[in-house]
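Scroll down for the structure; my scribbles are underneath it.
The values are calculated or read from the model by the stated rules, or taken from the named source; none is laboratory data. Small disclaimer: the values here were computed from a predicted structure and weren't measured. Cβ atoms come from the backbone with ideal geometry, glycine included; neighbour counts cover every protein chain shown.
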Amino acid sequence: MKQSKCVIVKPRDLTNHQKDDIVTLHQKYITLSRNCILELLKPRDKIYLYYHKDTNQLIATVGIQFVQCKNNILIYVGNTVVEDQYKHEGCLPHSLFKSMAYLFLKHPFKNKFWSALSSSSGSFSYAQHHKPCWPSPYETTPSEITDLMEHCIKDIGITEYRIIDGNIVTYDLCNKIEGTFHIKDRKVKSPMSRFFYKLNPNAHQGEQLFFISSFKIYKIVTAIIYSLHHKLIKNPALYHRLKKSKNRNPVASLLLIFNNLISKKVKWIASLSGVAIVFSQFIEYIQ
């Protein structure tokens with residue numbers, strides 16, 4: 001992230017100033033009241049606040065909540081609003097990477113997913129880059145995935161929803177908005193956009209389509225590449241090598257990234273003490 005810095009807080013620890021900043025940012029894009037916006041933050045485990053490094057203005061928020069179901073664990077991503085001019089800053093990939101890395105260390109043997117409620121075709125199209133992802137225009141949502149989605153929906157406190165052809169649309173927010181949900185109409189006539197509005201024709205009224213995506217280690221690599229784009233692009237050969245190898249050999253790609261970033265700052269990485277310090281810093285970073 002080139003222009004932003006991140007502050008991570010628990011909902012109960014938000015200051016009044018932070019709450020004011022969040023409400024101001026959210027109300028630029030969605031028509032929800034202050035009380036509703038703040039109420040939706042409460043169930044989250046962590047709130048990621050992204051500030052511009054120079055102006056200290058809040059430019060993005062991401063809420064993270066962990067949901068467990070048998071041998072599955074999900075990252076639910078909510079409360080996501082990013083200023084238009086910073087949509088390529090990598091805020092969402094950054095929060096996803098930290099959450100994914102945390103889960104791989106804490107729950108190495110569980111099946112891992114990330115999920116969200118989509119009220120626009122843009123967020124839904126973004127999710128489709130992380131395959132497998134459901135709903136999908138290419139296959140019917142498996143029944144076990146529908147069950148997992150419904151468990152997550154209930155766990156995050158949503159009670160008003162319907163299931164159509166294995167896909168879940170929620171309408172908890174419909175009675176809480178004034179006018180249309182999004183202040184700006186972002187409807188795009190792409191194939192994925194048409195698929196989204198076919199499943200969720202009432203998105204403008206606040207109805208949201210739930211999506212879920214399984215992730216493996218190569219997705220952590222993808223998230224790292226996006227969140228560290230401004231640093232990695234300084235070495236074009238390495239950057240393009242990573243883009244090509246992240247799916248085929250994600251572990252090697254991960255080692256390449258850490259070697260490139262760490263070797264510039266930590267010349268003594270080969271020593272055991274150096275490794276221990278770097279590892280402890282990494283653990284502290286993802287917590």
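Assorted remarks:
- Screening region 42-65 for residues that are under 15 Å from the mean Cα position of the chain (by Cα) and either small (Gly, Ala, Ser) or within 14 Å of Ile156 (Cα to Cα) (or both) and picking the one that is surrounded by the most Cβ atoms within 10 Å (Cβ to Cβ) gives Ala60.
- For region 101-111, the count of residues that are in contact (Cβ under 8 Å) with a residue 60 or more places away in the chain, crowded, with 21+ Cβ neighbours inside 10 Å and either assigned by TED's automatic domain parsing to the domain that holds Asn35 or under 21 Å from Asn200 (Cβ atoms) (or both) is zero.
- Residue in region 194-209 that is modelled with pLDDT of 85 or more, part of a helix (DSSP H, G or I), of a type in the set (D, E, K, R) and under 21 Å from the mean Cα position of the chain (by Cα) present: no
- Count of region 56-87 residues which are out of contact with any His (no Cβ under 7 Å at 6 or more places or on another chain) and either within 19 Å of Phe104 (Cβ to Cβ) or among the β-branched types (Val, Ile, Thr) (or both): 16
- Pair list, Cβ < 8 Å and 6+ apart or interchain, from region 144-170 residues that are at positive phi and in the same structural domain as Ile75 (by TED's automatic domain parsing) to residues that are at pLDDT 95 or above and in a helix (DSSP H, G or I): Gly166/Ser143; Gly166/Ile145; Gly166/Thr146
- Filtered residues of region 129-144 (kept if under 23 Å from Ala101 (Cα atoms) and either touching a strand residue (DSSP E or B) at 6+ places or on another chain (Cβ under 7 Å) or buried (at least 18 other Cβ atoms within 10 Å of the Cβ) (or both)): His130, Pro132, Cys133, Trp134
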